[in-house]
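Visitor: Take this structure first; my questions come after.
Coordinate-derived values only; no laboratory data. Since this is a predicted model, take the numbers as computed values, not measurements. Here the Cβ is made from the backbone with ideal geometry for all residues, glycine too, and neighbour counts use every protein chain on show.
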Amino acid sequence: MGLVLIWVVILALAPIARDWEAFDNVLENATGSGLFIMCCGMTIALIGNCLDLSVGSIYALVSVVVGQLLVAHVPFPLAIAIALGAGAICGIINGTIVVVTGIPTLIATLGTQMAFRGVADMWGAGVDMEQFGKSFDWFGTGLPGPLFCSVIAFGILWFILSKTRFGFQTYAQGGNEEVARLAGIPVKRNIVLIYMICGIMAGLASIVYTARVDFAYVDRGQGMELLAIAGVVIGGTSMFGGIGGVGKTVLGVMIYESIFAGLIYLHYDAFWQQVATGVVLIVAVWMDFYQRRASASRRTGVINDSKRSLWSRLRLAC
């Protein structure tokens, strides 16, 4: 409903957007930049209550890795496999730090965000990484390649979250980690796996965008972790864990990209896009918090009503 209202406003105020090409551009931007793929990874992270602020730096690091491999004439399927492996390793490092040290995920991934960015700078600074060939460029050119990668990412995450024991456990530990641990769920192992999947998705997103622009650069992905969080939360996945899904993420990313497209068609400056990102993220998180608090209040009311009913029956019995 929200997406429909946004497009009604855009079409009413911007006649130039009354064309299929406008919606096609929104879809191409969501998939070609790798944002949707990264949002898929962030979805499972937030459901499992494993916030990851390092995905933007993983995005840059994987771009450098795949760029250097392709420049060294490594066959592109092998280069892609190694680059995804680099993303997986970054995710495993994140999960291991969280599990071993017990520090909050916000602090842990903020630290690795800077560390991974530093590694990308060391490996890629001053290195010319461009012109990778048509076979690799297909992954980012136009709509078919990026859309194919996005559908693959969606299918994998949907299957994991909906059809596997690990997916069920992710929802359970996101809802209440202590209860999940007492129920015998291997929470520590799952945390590492969640971060590994998130790292792989950030790596795949980076590969798609590197193929789209046909060059790798160390400064890529700055601030993208906030865009990923915004896209996921707007769709209805909770920042506090246990609620959400990749189906909702599709809607959230489309709403987010449609707002940006609307600002462009209405001739607003690019600075307003940053303002819109911040405002939309705050509103989405506030709505999530409000709904959780209202739900908790209703549950408390039901419990109190049950207690009062039991007390009344006891009094009558006496």
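Visitor: Can you check what the net charge comes to around Gly140, using other residues whose Cβ is under 10 Å from the Cβ of Gly140 (Lys, Arg +1; Asp, Glu -1)?
Guide: Net local charge, Gly140 excluded: -1.
Visitor: Tell me, Thr249, Thr141, Thr109 in order of fewest to most beta-carbon neighbours within 10 Å?
Guide: Ascending Cβ contact count within 10 Å gives the list Thr141, Thr109, Thr249.
Visitor: Under a point spin-label approximation (7 Å from Cα along Cα-to-Cβ), what is the Ile92-Trp123 distance to one decimal in nm?
Guide: The two pseudo-label positions are separated by 1.5 nm.
Visitor: Here is a follow-up. In whole angstrom, note down how far apart the Cα centers of region 85-133 and region 207-256 are.
Guide: 17
Visitor: Compute the long axis of helix 76-101 from its Cα atoms, compare it with the longest principal axis of the Cα atoms of the chain, and write down the angle in degrees, 0 to 90, nearest 10.
Guide: Helix 76-101 sits at roughly 40 degrees to that axis.
Visitor: Find out how many positive minus negative residues lie around Gly235, taking Lys and Arg as positive, Asp and Glu as negative, among other residues whose Cβ is under 15 Å from that of Gly235.
Guide: On the way: positive: Lys248; negative: Glu257, Asp288.
Once positives and negatives cancel, what remains is -1.
Visitor: On a 0 to 90 degree scale, rounded to 10, what angle separates helix 271-317 from the longest Cα axis of the chain?
Guide: For 271-317 against the chain, the angle is about 20 degrees.
Visitor: Net charge near Leu106: determine it from the other residues with C-beta under 14 Å of the C-beta of Leu106, scoring Lys and Arg +1 and Asp and Glu -1.
Guide: Once positives and negatives cancel, what remains is -2.
Visitor: Using the per-residue mean of other Cβ atoms lying within 10 Å as a proxy for protection, in what order, highest first, do the peptides 250-256, 115-121 fall?
Guide: Descending mean neighbour count gives 250-256, 115-121.
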